[in-house]
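K.L.:
Okay, handing you the structure first.
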Amino acid sequence: MKELVEYIARSVVTKPDEVVVTEERSESGVLLKLQVNQEDMGRVIGKQGRVVQAMRTLLRVMAVKEGTRVELVVI
């Protein structure tokens with residue numbers, strides 16, 4: 001899941017070298033934290049949050065297949 005978020009974020013931003021995704025696993029599921037350059041924040045979120053919402057939807061599908069929960073937070 002981490003790799004998917006990295007791939008999508010690097011495709012969208014203008015400074016792909018500054019994309020950092022950290023993964024924290026717990027009993028309740030997986031927490032993914034996405035960090036990008038301040039200038040690219042709008043590109044990752046998208047108009048009305050559509051880009052980040054699409055990433056969250058894809059992650060939910062992957063999580064169901066793995067039998068876990070996932071949450072994506074943009075920092």
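K.L.:
Identify all residues within the range 1-15 that are of a type in the set (A, V, I, L, M) and either more than 9 Å from the chain's Cα centre (by Cα) or part of a strand (DSSP E or B) (or both); write none if there are none.
P.N.:
Val12, Val13
K.L.:
Here's something else I'd like to know. Report, by residue number, each residue of the range 16-52 that is part of a loop (DSSP other than H, G, I, E, B) and either exposed (fewer than 12 other Cβ atoms within 10 Å of the Cβ) or in contact with a strand residue (DSSP E or B) (Cβ under 8 Å, 6 or more places away or on another chain) (or both).
P.N.:
Hits for the range 16-52 are Val19, Glu27, Ser28, Val36.
K.L.:
When you scan the range 40-47, do you find a residue that is on the phi > 0 side of the Ramachandran plot, without any contact (Cβ under 8 Å) to a residue 40 or more places away in the chain and over 12 Å from the mean Cα position of the chain (by Cα), even just one?
P.N.:
Looking for residues that are on the phi > 0 side of the Ramachandran plot, without any contact (Cβ under 8 Å) to a residue 40 or more places away in the chain and over 12 Å from the mean Cα position of the chain (by Cα), one finds at least one in the range 40-47, hence yes.
K.L.:
Here's a follow-up. In the range 1-55, what residues are under 16 Å from Ile75 (Cβ atoms) and of a type in the set (Asp, Glu)?
P.N.:
Glu6, Glu18, Glu23, Glu24, Glu39, Asp40, listed by residue number.
All of the numbers you see were taken from the coordinates with simple rules; none came from a lab. Keep in mind that this is a model prediction, so the values were computed, not measured. Every residue, glycine as well, gets a Cβ built from its backbone with ideal geometry; the counts of neighbours run over all protein chains shown.
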